[in-house]
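A.B. asks: Take a look at this one; I'll ask things after.
Values quoted throughout were computed directly from the atomic coordinates according to the rules given, and no laboratory measurement underlies them. Because the structure is predicted, anything quoted here is derived from the model rather than measured. In this analysis, Cβ positions are derived from the backbone assuming ideal geometry, glycine residues included, and neighbour counts consider all displayed protein chains.
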């Protein structure tokens, strides 16, 4: 093949690639853009643009059902994210640091399964077990605690994957060096390992927090009277048809996420810069 | 080597690190399945279930009810629902692979400086509510929605109707098309991410070697790149296929009367009909349906954890 023909082919591939990526991102973001735009639409017919308004946001402020749901969801998400990171870190350590132990295959399977297992299965089976336990012992009451148990199962699986990926790229020699220098296992963990995986723990926390905040199916199975999370409120409204208040909620979530992402990437960039400076300072001959 | 006391402490720490998550998963993940299997063969006795095994006049009596399973096998409705769940999950997986493979490929071959930003843009929708994004498609696909207008203007609705994905041109919502679109949209990142992580680790010198040996870019792609990304393809496909089989929210919001999915059947048996044993039988059958893909997935997961960087 002549060089010119090959270069022409490369050019074509490059433009095809850009087009494919552009179309893909368009596909991923169109619904989000549509939600934001229509939240300012002054029309109760959702698809006809009638001019700009903020009335849906004002209506939101007095929407007790939704606000109560949001508060409950935030509480559950906070507890879920924290406990998921703790259990997920333990599981990730077991998988990465201890390559051989009895039942490791079963263990790895159980940790990974909730990632793909349809949520209706997890929700129904956990609920039926909890109902049996409640009949025998009188607790737990269906509500916040039972929703948390379900979310934790899912969150733990995701947290494990995130922490595990970080642990695998970790330089184990640093931990061994600390141990050779006389650090106790616990000291090695919180002085050496923990700072190195802190960023992964943070992203696992954020991921499980949003997973919990968003979950419909597990919450529907595991919630009891008076424990209606925000997604359950939104879902019951969305089922009935298009609802402008849902658009307004969506826009606020998009806003919160955007702020969160900007702040997080700024913090990470600052930390990386600091680390680069530290390395440079350490390398400088004194 | 280390002192015995330290070794003892390490061993105790190791036991705790393994035991805590194991116990947790056994109690809250495995045990519930046993409960479901038990209830699926139980007789409802008012609000409670009869015991499976009873001592009757000094002999042990088993009280198992397989009627639910018989119904599952004999009733055409259940059977066709299982089949159509598998069908829609498979179509979605193929659609995700078709869109996602080139997407991940071009991401992995983009300039290294822009790759983190491209990756971030794929992950970002994860952080905005999945429920709300699915709901947004409802607005986009109903009459006069943006997507509906664009599809009609391009004449694509005639193609979709000819393929059988929509009943008639101009009618997009509550059809197999809107269901598959919603599931493809939701699960596309789950296909892209494992493929990207696989493709970005590929040794590009292999392609140079292929070119030196006379392979065109196209031939090298199919004979080198695709086979090397097999693990990514399997992982991505399982991450899409398995949850799609049991999907509930998307069929409920975007599906229609034609698009029966097993997740919805389970939900209705449980919440509308209050038939717990039947819901459990449906669940057990669903688990059987996904057990092979699940095994493939967990083997892949295990392999990827064994791999040392």
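A.B. asks: Using a 10 Å cut-off on Cβ atoms, rank the peptides B:215-228, A:148-161 from the highest mean neighbour count down.
C.D. replies: On the way: B:215-228: 14.1, A:148-161: 25.4.
Result, highest mean Cβ count within 10 Å first: A:148-161, B:215-228.
A.B. asks: What average number of partner chain Cβ atoms lie no more than 10 Å from the Cβ of the residues making up A:32-39? Don't skip to the end; give the middle numbers.
C.D. replies: Values: counts 7, 2, 8, 8, 1, 1, 5, 0.
For peptide A:32-39, the averaged partner shielding equals 4.
A.B. asks: Can I ask one more? To check my understanding: the extent here is largest minus smallest coordinate of the Cα atoms along each principal axis. What are those three numbers for region B:97-177, in Å, largest first?
C.D. replies: 46, 26, 20
A.B. asks: Once both labels are modelled 7 Å past Cα along the beta-carbon direction, what's the residue B:211-residue A:29 spacing in nm?
C.D. replies: 3.1 nm
A.B. asks: Write down, largest first, the equivalent ellipsoid semi-axes of region B:75-306 in whole Å, where each equals the square root of 5 times an eigenvalue of the alpha-carbon gyration tensor. Before the final figure, lay out the partial values.
C.D. replies: Values: eigenvalues 236, 112, 54 Å².
Three semi-axes, in Å: 34, 24, 16.
A.B. asks: Rounded to the nearest 500 deg cm²/dmol, what is the calculated helix-only ellipticity per residue at 222 nm for chain B, with -39500 (n - 2.57) per DSSP H run of length n ≥ 4?
C.D. replies: Numbers: 15 runs with 209 residues, N = 309.
Using -39500 (n - 2.57) per qualifying helix, the result is -22000 deg cm²/dmol.
A.B. asks: Looking at the protein assembly as shown from every direction and averaging, what is the projected area of its Cα convex hull in nm²? Could you put the intermediate results ahead of the total?
C.D. replies: On the way: hull surface 145.3 nm².
The Cα convex hull of the protein assembly as shown, projected and averaged over all directions, gives 36.3 nm².
A.B. asks: Follow-up. Could you tell me what % of all Cα pairs in region A:100-170 have separations over 14 Å?
C.D. replies: Details: 1699 of 2485 pairs.
Every Cα pair in region A:100-170 considered, those over 14 Å come to 68 percent.
A.B. asks: Would you mind computing the Rg to Rh ratio of region A:61-243 from its alpha-carbon coordinates, Kirkwood style for Rh?
C.D. replies: Details: Rg = 19.2 Å, Rh = 18.1 Å.
Reported Rg/Rh, Kirkwood definition of Rh: 1.06.
A.B. asks: For the peptides A:225-232, A:188-195, what is the packing order when you average, over each peptide's residues, the other Cβ atoms within 10 Å and list the highest mean first? Provide the component values of the computation, followed by the final result.
C.D. replies: On the way: A:225-232: 20.1, A:188-195: 14.4.
Order by mean packing, descending: A:225-232, A:188-195.
A.B. asks: If you don't mind, another one. Within 10 Å of each Cβ in peptide A:238-244, how many partner chain Cβ atoms are there on average? Round it to a whole number, please.
C.D. replies: Values: counts 10, 5, 0, 3, 6, 3, 0.
So the per-residue partner count for this stretch is 4.
A.B. asks: How shielded is A:99-112 by partner chains, expressed as the average number of their Cβ atoms within 10 Å of its Cβ atoms?
C.D. replies: Numbers: counts 3, 0, 5, 1, 3, 4, 3, 5, 6, 7, 8, 8, 8, 9.
Taking the mean over all residues of the peptide, I get 5.
A.B. asks: Here is a follow-up. Determine by what factor the alpha-carbon radius of gyration of region B:157-243 differs from 2.2 N^0.38 Å, reporting the quotient.
C.D. replies: 1.53
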